[in-house]
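The values are calculated or read from the model by the stated rules, or taken from the named source; none is laboratory data. No experiment lies behind these values; they were computed from the predicted model shown. Heads up, the Cβs are rebuilt from the backbone with ideal geometry, glycines too, and the neighbour counts pull from every protein chain shown.
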Amino acid sequence: MAFKSVNPATGQTVKIVETWNEAQLEQALAEVAAATPEWAARPVAGRANMLRRVAEVLARAPRRAGTTDLAGNGQADRRGAQRDREMRHRL
């Protein structure tokens, strides 16, 4: 079964996301549980540096994130562009 995100203003499908079955969910949870001790053992500065790198990657392509979010809410494209600028500023 898939989850379908539809722009209510246009009726256009924004994205279709496949849902996970129980085995896939359990596998993902097991991977998170296995990674947690290693992550927690890292010094705070090391975790912060990794999160900054993630933010840098997201900052290089913010248009997609804000536009997808707003399209799913039926917002106009110009509002999506404004939201993208706001997101970039926060990063």
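Mind checking which pairs have a first residue in segment 1-24 that is surrounded by 10 or more Cβ atoms within 10 Å (Cβ to Cβ) and a second that is outside any strand (DSSP E or B) and modelled with pLDDT of 85 or more, Cβ under 6 Å, 6 or more apart or different chains?
That search, which allows pairs on different chains as well, returns V14/N7.
For A65, are the conditions met, namely being small (G, A, S), surrounded by 12 or more Cβ atoms within 10 Å (Cβ to Cβ) and modelled with pLDDT under 70? Give the derivation first.
Working: small (G, A, S): yes; surrounded by 12 or more Cβ atoms within 10 Å (Cβ to Cβ): yes; modelled with pLDDT under 70: yes.
In short, yes.
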